[in-house]
1. Failed condition for residue 77, given (1) without any contact (Cβ under 8 Å) to a residue 60 or more places away in the chain; (2) within 16 Å of the chain's Cα centre (by Cα), with all others met?
2. Pairs under 9 Å by beta carbon, first residue without any contact (Cβ under 8 Å) to a residue 12 or more places away in the chain in the stretch 124-137, partner surrounded by 13 or more Cβ atoms within 10 Å (Cβ to Cβ) and not in a loop (DSSP other than H, G, I, E, B), six or more apart or different chains?
3. Taking the criterion of being assigned to a helix (DSSP H, G or I) and touching a residue at least 60 places away in the same chain (Cβ under 8 Å), would at least one residue in the stretch 80-99 satisfy it?
4. Would you check if residue 39 is over 14 Å from the mean Cα position of the chain (by Cα) and either within 21 Å of residue 82 (Cβ to Cβ) or surrounded by 14 or more Cβ atoms within 10 Å (Cβ to Cβ) (or both)?
5. Given 17, 11, which one is surrounded by fewer than 16 Cβ atoms within 10 Å (Cβ to Cβ) and under 15 Å from the mean Cα position of the chain (by Cα)?
6. Restricting to the stretch 1-35, count the residues that are outside any strand (DSSP E or B) and in contact with a strand residue (DSSP E or B) (Cβ under 7 Å, 6 or more places away or on another chain).
């Protein structure tokens, strides 16, 4: 049986690697697949069958080739992605950015972690979100 997974998009390789390292240490029932930009995320999802879709999508508000709202609008065009929860990271924590993403269906919005302690805390919160989505709680 295939493990559930999170799809992480981030053009910063250090951020991707740090997230994967902390996630793998804290969570054994799921994995992380990572891509580097919005187009890679869309391409990855386009090649997934219904049963192979991620359980959660995480992306920063700004990617090198797009923004989270633009990417979210693209995802809304395909019903396969509508039920996948999305989590947005933002370095600014702007209320305007949060509202823009919430209007597009995002329920989880976090300030980008600035250190390992904050990242570990966020991964614990993501663990709770993922368990709820997978009905493990």
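Each value in this text was obtained by applying a stated rule to the coordinates, not by laboratory testing. All values derive from a computational prediction rather than experimental measurement. Neighbour counts are summed over all protein chains in view; Cβ atoms, including those assigned to glycine, are modelled from backbone coordinates with ideal geometry.
1. (2)
2. 137/131
3. no
4. Against the criterion (over 14 Å from the mean Cα position of the chain (by Cα) and either within 21 Å of residue 82 (Cβ to Cβ) or surrounded by 14 or more Cβ atoms within 10 Å (Cβ to Cβ) (or both)), residue 39 qualifies.
5. After applying the criteria, what remains is 17.
6. Step one: list which residues in the stretch 1-35 are outside any strand (DSSP E or B), which gives 1-4, 10-30.
Filter again for in contact with a strand residue (DSSP E or B) (Cβ under 7 Å, 6 or more places away or on another chain), leaving 3, 10-11, 16, 19-20, 23, 30.
So the answer is 8.
To keep it simple, each residue is scored yes or no on (1) more than 22 Å from residue 30 (Cβ to Cβ); (2) touching a helix residue (DSSP H, G or I) at 6+ places or on another chain (Cβ under 7 Å); (3) surrounded by fewer than 13 Cβ atoms within 10 Å (Cβ to Cβ).
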| site | (1), (2), (3) |
| --- | --- |
| 52 | no, no, yes |
| 55 | no, yes, no |
| 77 | yes, no, yes |
| 83 | no, no, yes |
| 88 | no, yes, no |
| 98 | yes, no, no |
